[in-house]
């Protein structure tokens with residue numbers, strides 16, 4: 001099953017307590033071939049970007065954002081992409097590459113009825 005993330009929007013439905021993303025954070029993904037990138041903002045995130053690749057419904061990317069405290073945060077993530085109830089779900093395993101280098105998991109779900 002090939003899933004294309006181009007122009008898809010996602011929000012978090014689950015996140016570890018040491019993460020900064022919430023259900024108020026909107027991710028806007030783009031894809032060209034096997035290259036993926038996204039911007040994200042909302043909740044505790046002023047603005048962020050991620051960049052990486054997709055292969056066999058697995059994403060590998062790095063991310064960076066600025067939070068409401070003005071801190072610049074960075075990390076890396078590996079994600080399994082699946083289709084659940086006709087929506088794309090991103091099951092993420094991530095790790096900060098700054099601050100305490102802790103890791104966590106999160107789940108993002110496609111927002112089909114999203115209106116900007």
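The values are calculated or read from the model by the stated rules, or taken from the named source; none is laboratory data. Here the structure is a predicted model, which means the values were calculated and not measured. Positions of Cβ are generated from backbone atoms using ideal geometry, with glycine treated the same way; all protein chains shown enter the neighbour counts.
If we only count strands (runs of 3 or more DSSP E) wholly inside the chain, which ones have 2 or more residues that are without any contact (Cβ under 8 Å) to a residue 60 or more places away in the chain and in contact with a strand residue (DSSP E or B) (Cβ under 9 Å, 6 or more places away or on another chain)?
26-32, 35-42, 45-55, 58-67, 72-84, 87-96
Only one of these conditions is not met by residue 85: (1) farther than 21 Å from residue 17 by Cα; (2) at pLDDT 95 or above; (3) surrounded by fewer than 14 Cβ atoms within 10 Å (Cβ to Cβ). Which number is it?
So residue 85 meets the others, but not (2).
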